[in-house]
Amino acid sequence: ASDVYKRQGESPRPTRRVLRRRAIDIVVLWSGFIALILVLLALDLGVFHREPKAQSFLEALAWSGFWIALALAFNALVYFLYENNWVGGGLAFPEDIDGRTAALEFFTGYVLEKSLSLDNIFVIALIFSHLRIPLAYQHRLLFWGVCGALVMRGLMIAVGAELIHRFSWTTYVFGAVLLLTAARLMIVRHDNIDPSRNIFVRMVGKVMPITDGLRGQRFVVMEGGRRMVTPLMVALLMVESADMLFAVDSVPAIFAITDDPFLVYSSNVFAVLGLRSLYFALAPLLEKFRYLRPSLVLILAFVGFKMLTLHHAEIPITASLIVIAGILAAGIFASIVV
């Protein structure tokens, strides 16, 4: 706020009125964005997917295209929001980020999060297969999984942004975490899914017993005078815990692209919103993409390296986008050729 008013020839010291205006602008920006997401979620479950049914490959492909198009439309909106300061008095946006930079950072973050979510899709497919969750119930389960992921990632991004703002050395910690994650992905397998080893499932199991089979779309039922959870709830807990582990990788990764909390969270949100449709479109084909995981390892290693060198030799955002997209495209192309 001080920089804005200094540029306008007014007092460089932000007054209470200026700080109040800035707080109002930020609240308006975030409230509008959250309202948009809530409307999209309500339309998704309440209108377009009210009835439980299996989603065909073509339908999933069409919905994936819709969510990608929506993300690109929001990307254009980001440009005008930051370029023209459309919210309130224009104090909700950092002064050092213009429209072009903001749009490029959002798009790069979106591509990065979308890429890293591919490994998450593979784990979700294994969970559903292990627990024998019918296709007709998978969309509703993923819907609630996405809702939980949006809240959880919002909290993690808020904490991460505060840490980076207060302690600049946090970027080195995040970079080291990403490099360790890349190394772990090279040796860890995901095919050892076992609900009995999941800490959240064990905690719930100590409080409420688990039914011996599904009870339609219900997560919790009353049987024999006691409350019980269904395998659908077990699957939801495992999906949420898997996303939490992946968020430990993806949230630090996007801070290598931008430290603007709004761009970090909004790019995360649009990547996660399209995760369900992407799952139904790609889950049957994931085993054929044998070079996808090595691509994700290289992407994490690159982003980790970028965070470690952030204060010494900054890599331009355009170069980061080219590298991330190039590695992902190379992995997909090599898999198709083989």
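Axis of helix 317-337 versus longest Cα principal axis of the chain: the two differ by about 30°, to the nearest ten degrees. The 1.4 Å probe gives accessible areas that order Y110, Y291, largest first, as Y291, Y110.
Placing unit charges on the Cβ atoms only, positive for Lys and Arg and negative for Asp and Glu, gives the chain a dipole magnitude near 800 debye about its Cα centre.
A crude spin-label estimate for the pair S168 and Q217, with each label 7 Å from Cα along the Cβ direction, gives 5.2 nm.
Residue order by solvent-accessible surface for T15, T108 is T15, T108, largest first, with ligands and nucleic acids left out and a 1.4 Å probe. Between the Cα long axis of helix 135-166 and the first principal axis of the chain there is an angle of about 30°, rounded to the nearest 10.
What's the longest uninterrupted piece of the chain once you rule out the GluC sites (Glu not before Pro) that are loop residues per DSSP with at most 13 other Cβ within 10 Å? Result, exposed sites excluded: 11-313.
Taking Cβ atoms as reference points and 10 Å as the exclusive limit, the residues near I257 contribute a net charge of -3, counting Lys and Arg as +1 and Asp and Glu as -1. Ranking M222, M186, M244, M152 by solvent-accessible area of protein heavy atoms (1.4 Å probe, all protein chains present), from largest to smallest, gives M186, M222, M244, M152. So what's the angle, to the nearest 10 degrees on a 0 to 90 scale, between helix 170-187 and the longest Cα principal axis of the chain? Helix 170-187 sits at roughly 30 degrees to that axis.
The values are calculated or read from the model by the stated rules, or taken from the named source; none is laboratory data. Being a predicted model, the structure only gives us computed values, none of them experimental. Neighbour counts are summed over all protein chains in view; Cβ atoms, including those assigned to glycine, are modelled from backbone coordinates with ideal geometry. Just the protein is used for accessible areas: all its heavy atoms, side chains included, with ligands, DNA and RNA removed. Shrake-Rupley method; radii C 1.70, N 1.55, O 1.52, S 1.80 Å.
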